[in-house]
Amino acid sequence: MTMSVRRLPVYILVDTSGSMRGEPIQALNVGLKAMEQALRRDPFALESVHLSLITFDLQAREVFPLTPLDQVRIPEITVPASGATFLGAALKLLVDRVDRDVVRGSAQRRGDWRPMAFVMTDGAPSDSQDYEEAIIAIKQREFARVVACAAGPKARTDALRRLTDTLVTLDTLDGAGFAQFFQWVSNSIAAGGRSGSASPTDTLPALPAEIQILA
């Protein structure tokens with residue numbers, strides 16, 4: 001197998017639990033669409049980025065697998081009437097997909113760039129044991145970066161800190177807040193595409209006023 005362009009695998013994990021009903025899920029859908037459109041306008045991202053979307057509520061779902069950016073069509077995301085936040089299951093699904101899909105380099109072929117993952121939740125993991133197990137598995141994989149976003153006042157930053165050192169907070173769950181967050185996500189992904197890789201030492205794009213990074 002030969003690869004003319006090295007892929008930059010990017011996984012987006014979003015909370016679709018019951019607390020996201022109403023304005024939050026509407027705002028999330030607008031933000032995801034804006035992210036998709038922004039990435040399409042970046043020629044470097046368009047050349048290398050492959051995107052996957054995973055949602056989690058009572059279960060984790062792969063909305064679409066790792067897909068070339070020019071073929072990505074993000075569908076309308078819905079939420080159940082109520083339900084838990086199975087973030088642990090989503091992270092385990094992420095690990096499974098990274099193990100399955102990310103191409104490792106060898107003497108015979110060029111591998112993919114190290115994957116990036118962006119995780120957004122407005123609450124806390126309901127499946128605590130699976131979550132703790134998944135954190136161990138995530139840290140054993142060679143992610144270039146895992147970014148977590150604690151969205152809204154009920155998001156548990158202490159739980160997300162165990163997952164990653166790159167933790168941002170979003171005070172509100174409205175359209176403006178999600179638009180700013182996903183614009184920042186698209187900028188972060190595009191920066192990786194322009195550099196030809198994504199590295200933990202890369203400088204993240206400047207944060208808009210609505211988003212704070214926790215030191």
Loop-exposed GluC sites (Glu not before Pro) per DSSP, neighbour cap 10 Cβ within 10 angstrom, longest uninterrupted part of the chain: 1-75
Rg [Å, one decimal], Dmax [Å, integer] - the stretch 1-101, C-alpha atoms: 14.5, 46
Spatial separation of Cα centroids for the stretch 21-95 and the stretch 138-169, in angstrom: 17 Å
Estimated vicinal HN-Hα couplings, Hz - the stretch 140-151 in sequence order (Karplus 6.51, -1.76, 1.60; Gly, Pro = x): 7, 8, 9, 6, 5, 7, 10, 10, 10, 10, 8, 9
Cut-off under 5 Å, modelled amide H: who pairs with THR172 long-range: GLY152
GNM result for the chain, Cα springs below 10 Å: residue of THR78, THR16, THR121 fluctuating most strongly: THR78
Overall dimensions of the chain by Cα: Rg and Dmax, Å: 16.1, 51
Residues GLN108 and VAL63, FRET efficiency given R0 of 41 Å [Cβ-Cβ distance, rounded to 0.05]: 0.80
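List the trypsin sites (Lys or Arg not before Pro) in the stretch 1-106 that DSSP assigns to loop (not H, G, I, E or B) and whose Cβ has at most 16 other Cβ atoms within 10 Å. Which are they?
Working: sites: ARG6, ARG7, ARG21, LYS33, ARG40, ARG41, ARG61, ARG73, LYS92, ARG97, ARG100, ARG104; in loops: ARG6, ARG7, ARG21, ARG41, ARG73, ARG104.
Those satisfying the criteria are ARG6, ARG21, ARG41, ARG73, ARG104.
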Proximal charge balance of GLU23 [Cβ under 14 Å; K/R count +1, D/E count -1]: -1
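Coordinate-derived values only; no laboratory data. Everything numeric here is computed off the predicted structure, so don't read it as measured data. No Cβ is skipped: glycine too gets one built from the backbone with ideal geometry, and neighbour counts run over all protein chains shown.
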